[in-house]
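These notes concern the structure reproduced below.
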Amino acid sequence: MADKTIKVTLMKSVHGRIKSHQACVAGLGLKKIRQSSVLEDTPSVRGMINKVSYMVKVEES
């Protein structure tokens with residue numbers, strides 16, 4: 001599981017969102033719309049993605 005990665009892309013703005021959701025997006029390494037980040041597939045990353053799933057697009061690899 002440690003060698004699996006996930007590509008996360010921010011699709012909607014964080015402006016006006018709940019502070020904890022903004023923090024999750026920042027924790028995923030995303031700042032701008034359509035910016036992508038490749039992350040390890042870990043339970044903590046999955047939890048952040050689930051929390052802001054309405055703002056991000058996820059591609060597994």
Quick one: give the max-minus-min coordinate of the C-alpha atoms of the chain along each principal axis, largest first, in Å.
-> 35, 20, 16
Hz values of 3J(HN,Hα) by residue in segment 36-43 - Karplus curve (6.51, -1.76, 1.60), Gly and Pro given as x | 10, 9, 9, 10, 6, 7, 10, x
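To the nearest 20 Debye, how big is the dipole of segment 5-60 about its Cα centre, given +1 on the beta carbon of each Lys and Arg and -1 on that of each Asp and Glu?
360 debye
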Nearest-0.05 FRET efficiency for ARG17 and ASN50 at R0 = 22 Å, using Cβ-Cβ distance, is 0.90
With point charges of +1 on the Cβ of Lys and Arg and -1 on the Cβ of Asp and Glu, referenced to the Cα centre of segment 5-60, which listed residue (ILE18, SER36, TYR54) lies farthest in the positive direction of the dipole?
-> ILE18
Taking 7 Å along the Cα-to-C-beta vector as the label spot, tell me the GLU59-ALA26 distance in nanometres, rounded to one decimal.
-> 2.7 nm
Counting each DSSP H run of 4 or more residues in the chain as -39500 (n - 2.57), what helix-only mean residue ellipticity at 222 nm follows after dividing by all residues, to the nearest 500 deg cm²/dmol?
-> -8500 deg cm²/dmol
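Throughout, read-outs are computed from the coordinates displayed, never taken from laboratory work. What you see is a predicted model, and the numbers here were worked out from it, not measured in a lab. Because the Cβ atoms are built from the backbone with ideal geometry, glycine has one as well, and the counts that use them run over all protein chains shown.
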